[in-house]
Amino acid sequence: MTGKEIRQKFLDFFEQKDHTIVKSSSLVPENDPTLLFTNAGMNQFKDTFLGVEKRNYSRAATCQKVVRAGGKHNDLENVGRTARHHTFFEMLGNFSFGDYFKRGVINYAWEFLTEVLGLDKEKLYISVFHEDDEAFNIWKNEIGISETRISKLGEKENFWSMGDTGPCGPCSEIHIDQGPEIGCGRSCCDPECDCDRFLELWNLVFMQYDRDAEGTLHPLPKPSIDTGMGLERIAAVVQNVTSNFDTDLIRPIIEETASIAGIRYKDNEKLDISLRVIADHARATT
Ligand code: SER
């Protein structure tokens, strides 16, 4: 499946589930002085989550162009050095504005990954916020994931905020085990480890609060859903390559750059980092 096909399958899947398909908003957010660049699919819906803006739909799905090169979500220093960080990426997301909540989103995500994309259920691992027994029980009792494959993690991993202020809430992440030959070499089953073995695929955020400038959490008018899955990462998994840079979304740019420079990719690690940085920055700039 090409990256383009995966993007379309995602949007089609959620359209069939009564979601309105909304276009990616500009990379430079309109009317949001708290952000330089759009850093998540939910940015364009911030006021909808807060109840300030009403829309004529309560379910939406997008493929949002995102840049994470500064501020709270900043991947700049990792670009080129890891298999999975970019400044620019496309984020697939589905959103509920006071419509479905935890049960609904968990079922949709599972169906899309295992039935539409056909990922192996036994390779998928889950993390939930340590106080979120509701999400834990849905994964365990309704989806049927063994407890040993569900981790309860703290605020750093499983509580998502857009920035220092604004909509936020506990989240549940779906990870895939890429196998013991990938990553730090430990034979553990540990999605907390930052190596590439357990790759975070999809973040399901249970939007429940608005954080004010003093850090106080105020309940949102209606519990809502915000999810995000990097298109390049899921493309790498579906295309059975271990680096986003080897997907059909990016590798051709690397090959073109190498050809212009008169070198070959995967001959020299230092030059490879540069080729990946150029490919990433070329996409972001474009
Ligand atoms: N807003 C969450 C994230 O960016 C889910 O989309 O990870």
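The values are calculated or read from the model by the stated rules, or taken from the named source; none is laboratory data. What you are looking at is a predicted structure, and each value in this text was computed from that prediction instead of being measured. Quick reminder, even Gly has a Cβ in these numbers, built from the backbone with ideal geometry, and neighbours come from all protein chains shown.
Among the residues of region 231-286, those that are of a type in the set (V, I, T), under 21 Å from K9 (Cβ atoms) and free of Cβ contacts under 8 Å to residues at least 40 places away in the same chain comprise V241, I250. Residue under question is S224, and the condition is that it be within 16 Å of the ligand (Cβ to nearest atom), hydroxyl-bearing (S, T, Y) and at pLDDT 95 or above; does it hold? Yes: the conditions hold for S224. Name the single residue that is modelled with the highest pLDDT among those in region 66-111 being among the basic types (K, R) and surrounded by fewer than 20 Cβ atoms within 10 Å (Cβ to Cβ). The qualifying residue modelled with the highest pLDDT is R103. Tell me, yes or no, whether region 58-71 has at least one residue that is touching a strand residue (DSSP E or B) at 6+ places or on another chain (Cβ under 6 Å) and in a helix (DSSP H, G or I). Scanning region 58-71 turns up no residue that is touching a strand residue (DSSP E or B) at 6+ places or on another chain (Cβ under 6 Å) and in a helix (DSSP H, G or I). The set of residues from region 227-264 being touching a strand residue (DSSP E or B) at 6+ places or on another chain (Cβ under 6 Å) and among the acidic types (D, E) comprises just one member, E232.
Candidates G230, G215: the one that is within 14 Å of the ligand (Cβ to nearest atom) and of a type in the set (G, A, S) is G230.
So is I150 modelled with pLDDT of 80 or more and surrounded by fewer than 19 Cβ atoms within 10 Å (Cβ to Cβ) or not? Criteria not met by I150.
Okay, residues lined up against (1) buried (at least 22 other Cβ atoms within 10 Å of the Cβ); (2) of a type outside the set (D, E, K, R):
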| site | (1), (2) |
| --- | --- |
| T114 | no, yes |
| D120 | no, no |
| S127 | yes, yes |
| H130 | no, yes |
| D133 | no, no |
| E142 | no, no |
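Only one entry in S151, S146 is free of Cβ contacts under 8 Å to residues at least 40 places away in the same chain, more than 13 Å from the ligand (Cβ to nearest atom) and of a type in the set (S, T, Y), namely S146. For T34, the test of being among the hydroxyl-bearing types (S, T, Y) and either over 22 Å from V116 (Cβ atoms) or within 16 Å of the ligand (Cβ to nearest atom) (or both) is passed. Tallying residues that are away from the ligand (no atom under 13 Å from the Cβ) and in contact (Cβ under 8 Å) with a residue 40 or more places away in the chain within region 85-99 yields 6. When T48, T20, T62 are screened for being within 14 Å of the ligand (Cβ to nearest atom), surrounded by fewer than 22 Cβ atoms within 10 Å (Cβ to Cβ) and either of a type in the set (D, E) or under 20 Å from F206 (Cα atoms) (or both), only T48 passes. Of the residues screened, F88 is one that is over 23 Å from K222 (Cβ atoms) and among the aromatic types (F, W, Y). The residues of region 237-271 that are surrounded by 15 or more Cβ atoms within 10 Å (Cβ to Cβ) and over 25 Å from the mean Cα position of the chain (by Cα), listed by number, are T257, A258, Y265, L271. Filtered by the rule that a residue be part of a loop (DSSP other than H, G, I, E, B) and under 18 Å from the mean Cα position of the chain (by Cα), region 102-139 gives L117, L119.
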